[in-house]
Amino acid sequence: MSFIKLIIKNPFRNKTRAILSIFGIAIAISLIIALGAISDGMVDSVEKTLNTGNSDFMLMNKNSTSNLMDNELINQINNISGVEQVIGIYESKIPIEENRNLYLYGINEANLKDLNIKIIEGDNFNSSSNEIIIGKMLLNENNLKIGNNIKIDGVDYKITGAFETGTLLDSYGFTSLKHFENITGSKENNATILFIKTSNIYDVEDVSNEIKEKYGNIINVVLSIEDISSINSIYTMLSGVKWGVTFLALLVGGISIINTMLSTVYERTKEIGVLKAVGWSNRRILSMIVGESIVLTLIGGFLGYIFGIILVESLYGLGILQDMIPKYTVETFILAIITALLVGIIGGLFPAIKATKVPVTESLRHE
């Protein structure tokens, strides 16, 4: 039997112990995969929203008691050098039937195309009728269909179409400004969010910095996820948890593998003595024990990949992640495989060193 085949076969002499070690590693790796997919998916979803319609950045009101920006401010921003287009959308949480809420946007019909909001089913709303379009995700989550009516403030609004952007907008509904004002009672056309497009000859950073200098006391310029403190704090927390889980995987997985390999070494003391007697070097024995440990952790890591993906997709399918689409990145998988390898090396190294320290005569007398 070749040395490699020996390393692959040996860990499974005690199948129960090997399986328990593998599943312990798999659970830890699956958590790393799941947390990575959720945190990266959140960042990707927010960044796509920021760049909706190929906009360069967006503006939000700093005032926590009022999230509105009036027409005078919008016009002033539109006149800043380098600003090519300002697209304002008007947001409100609207109570609907069955004690549910609908997050509704009011928008000029022409601006839907500017934001790349494309109808994938049905038709766009008609500004002259009580009609709305809603995101595909919202449509599915609430078991709604094109042609259904939603009662808003006692008035029926017909769902004429569904759209999909792959961003947070897919959990919202859109209607015309006229009907949005009727629903909310607002007649001021104050914008909740402004999407800003800059001219190609201007630098985005220069334009955003000028807006900050002029209006930084009243609005937030959002260029990336780092500019949204609430989202950024959640991402930071998830990243911290992911690294914490990685550390625990190393610690717990390492202890589990050490325990498994120590038991294996003890049971095979006589065998190791025989190998030494026939000429095996300490280095070769050490390589064998560490190799066996790595085999267990790599199998656990592979299963962890599968468990992690199943866990995330289950959470997504059940709607627990709401409008966030998980994202699996190469970096997350590399982190998981490196963790598995480290657990294998660290967990196998101590038992391997212990095995090489046992004298041949004592090993051969061991029962």
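Across the accessible surface of the chain, with the other protein chains kept in place and a 1.4 Å probe, carbon and sulfur atoms take up 56 percent.
Packing order of peptides 291-298, 208-215, highest average first: 291-298, 208-215 (average count of other Cβ atoms within 10 Å over each peptide's residues).
Placing pseudo-labels 7 Å out from each Cα toward the beta carbon at Arg13 and Ile255 gives an inter-label distance of 2.6 nm. Relative to the longest principal axis of the Cα atoms of the chain, helix 15-50 runs at roughly 20 degrees. For Tyr103, the residues 5 or more places off, or on other chains, whose built amide H falls under 5 Å of its own are Ile94, Gly173.
I need the calculated FRET efficiency for the pair Ser127 and Ser81, taking r as the beta carbon distance and R₀ as 56 Å, to the nearest 0.05.
Rounded to the nearest 0.05, the efficiency is 0.95.
Relative to the dominant Cα principal axis of the chain, helix 330-357 is inclined by about 20°. Quick one, which of [x] 5, 19, 20, 17, 12, 10, 9, 6, 2, 0; [y] 5, 19, 23, 18, 15, 11, 6, 2, 1, 0, 0; [z] 6, 26, 38, 24, 5, 0, 0 is the actual P(r) over Cα pairs in 10 Å bins from 0, in percent calculated for this model? From the options [x] 5, 19, 20, 17, 12, 10, 9, 6, 2, 0; [y] 5, 19, 23, 18, 15, 11, 6, 2, 1, 0, 0; [z] 6, 26, 38, 24, 5, 0, 0, the structure gives [x].
Solvent-accessible surface of the chain, taken per residue with a 1.4 Å probe and all protein chains present: 50 Å². In a fully extended conformation the segment linking Glu181 and Val330 would gain 49.1 nm over its present Cα-Cα distance, using 0.36 nm per residue.
Close amide-amide hydrogen proximity is noted between Phe57 and Ile196, each under 5 Å apart and 5 or more residues distant or on a separate chain (H modeled in the peptide plane; Pro and chain starts excluded).
Contour minus end-to-end for Trp243 and Ile4, with contour as 0.36 nm per residue of separation and end-to-end as the Cα-Cα distance?
Contour length minus the Cα-Cα distance gives 82.7 nm.
The solvent-accessible area of Thr165, taken with every protein chain present and a 1.4 Å probe, is close to 40 Å².
Residue by residue, the range 114-119 carries 3J(HN,Hα) couplings of 4, 8, 6, 8, 9, 6 Hz when phi is fed to the Karplus relation 6.51 cos²θ - 1.76 cosθ + 1.60 (θ = phi - 60°); x denotes Gly or Pro.
Taking 0.36 nm per residue of sequence separation and removing the Cα-Cα distance, the Ile338/Glu271 pair yields an extension gain of 21.0 nm.
Considering only Leu341, Met137, Met237, the residue lying farthest towards the positive end of the dipole of the chain is Leu341, judged by Cα position with unit charges set on Cβ. In order along the range 266-271, phi translates into HN-Hα couplings of 4, 5, 10, 4, 5, 4 Hz, rounded to whole numbers, per the Karplus curve 6.51 cos²θ - 1.76 cosθ + 1.60 with θ = phi - 60° and x for Gly and Pro. Rounded to the nearest whole Hz, the Karplus-based 3J(HN,Hα) values (6.51 cos²θ - 1.76 cosθ + 1.60, θ = phi - 60°) of the range 123-132 follow the sequence 10, 6, 6, 9, 4, 8, 10, 7, 9, 9, with x at glycine and proline.
Residue ranges 304-314, 336-346 sort as 336-346, 304-314 when ordered by packing (mean number of other C-beta atoms within 10 Å per residue, highest first). Label-to-label distance for Asn217 and Trp280 is 7.8 nm, based on points extended 7 Å past Cα in the beta-carbon direction.
The values are calculated or read from the model by the stated rules, or taken from the named source; none is laboratory data. These numbers come from a predicted model, not from an experiment. As a convention, Cβ positions derive from the backbone with ideal geometry for all residues, glycine included, and neighbour counts pool all protein chains shown. Keep in mind that these areas ignore ligands, DNA and RNA; they rest on the heavy atoms of the full protein, side chains included. Shrake-Rupley method; radii C 1.70, N 1.55, O 1.52, S 1.80 Å.
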